[in-house]
1. Run down the lysines and flag those whose C-alpha is under 16 Å from the C-alpha of Lys92, throwing out any fewer than 8 positions away in its chain.
2. Report the residues of segment 187-208 in range of a label on Arg41: point 7 Å along Cα→C-beta, backbone N strictly under 18 Å from it.
3. With r defined as the distance between the Cβ atoms of Met58 and Lys4 and R0 fixed at 25 Å, what FRET efficiency is calculated, to the nearest 0.05?
4. Counting helices only, and only those DSSP H runs with n ≥ 4, report the 222 nm mean residue ellipticity of the chain as the sum of -39,500 (n - 2.57) divided by its residues, in deg cm²/dmol to the nearest 500.
5. In terms of modelled amide H atoms, which long-range or inter-chain residues lie less than 5 Å from the amide H of Ile108?
6. Would you work out what percent of the accessible area of segment 3-213, with all protein chains in place, is carbon or sulfur (probe 1.4 Å)?
7. Given points 7 Å out from each Cα along the Cα-Cβ axis, report the Asp196 to Ser210 separation in nanometres with one decimal.
8. In terms of modelled amide H atoms, which long-range or inter-chain residues lie less than 5 Å from the amide H of Val88?
Amino acid sequence: MSIKENLEKIKTILPPSVTLVAVSKTKPIADLMQAYNAGQRVFGENKIQEMTQKWQSMPKDVEWHMIGHVQRNKVKYMAEYVALIHGVDSLKLLREIDKQANKYNRVIDCLLQMHIAEEETKFGFDETELLEMINATEFELLKNVKVVGLMGMATFTTDKTKIRREFKKLKTIFDTLRAKMPDLHVLSMGMSGDYDIALEEGSTMIRIGSSIFGERNMQ
Ligand SMILES: *Cc1c(COP(=O)(O)O)cnc(C)c1O
């Protein structure tokens, strides 16, 4: 199937309130343009340098999401244009995003990455660390970043019960946090292998790569 057909297939099951992030990492501009010409405007990348090159080559109405782990010293390269940073996992990183966003007079939307996978070690906050951070005075003082939601990745497994349990946990944290932070509205969870479960568990944003663009070569 073509990229266009893949996109159409996913969109048929996607509720209108859910945002589809087309994860185009490692893929050439020609592939991204196929998705663009099929109407896709939101793209996700996991390397800042690659994303910046693509931002320079692609039409300017594309919304660029950084979905990977972010190194603080590279934030400056995307501060001018990035629309949403999914993987914020420390106050230090948030502070750097704030500083770089300020240089461009922007407010950059961010998601806090939660560690929900039971087995694998992945980046992200646990609940205690999350509360610690949002209660810190310093957090409130940041003016050029806006935390708009949470992001999480389930364990890479075929055990659907486990995946569902992990997504449920993230949704519960999201709902609890929303009572304190009414601006939260984005729950980024679900990839090619598990987005059907993520949608059932309340995801508002799915990040889909291989089901749109095909398998990736080793990175
Ligand atoms: C690569 C990646 C995706 C997309 O993965 P697929 O399985 O190809 O859909 C989603 N989220 C993150 C954080 C990724 O790094």
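The values are calculated or read from the model by the stated rules, or taken from the named source; none is laboratory data. Keep in mind that this is a model prediction, so the values were computed, not measured. Because the Cβ atoms are built from the backbone with ideal geometry, glycine has one as well, and the counts that use them run over all protein chains shown. Only protein heavy atoms, including side chains, enter the accessible area calculation; ligands, DNA and RNA are left aside. Shrake-Rupley method; radii C 1.70, N 1.55, O 1.52, S 1.80 Å.
1. Lys74, Lys76, Lys143, Lys146
2. 205-206
3. Working: r = 17 Å, r/R0 = 0.67.
E(calc), rounded to 0.05, equals 0.90.
4. Working: 9 runs with 88 residues, N = 219.
Calculated at 222 nm, the ellipticity per residue is -11500 deg cm²/dmol.
5. Val145, Lys146
6. Numbers: 5030 of 10030 Å².
After summing per-atom areas, the C and S share lands at 50 percent.
7. Placing both labels 7 Å along Cα→Cβ, they lie 1.6 nm apart.
8. Correct list: Leu111, Gln113.
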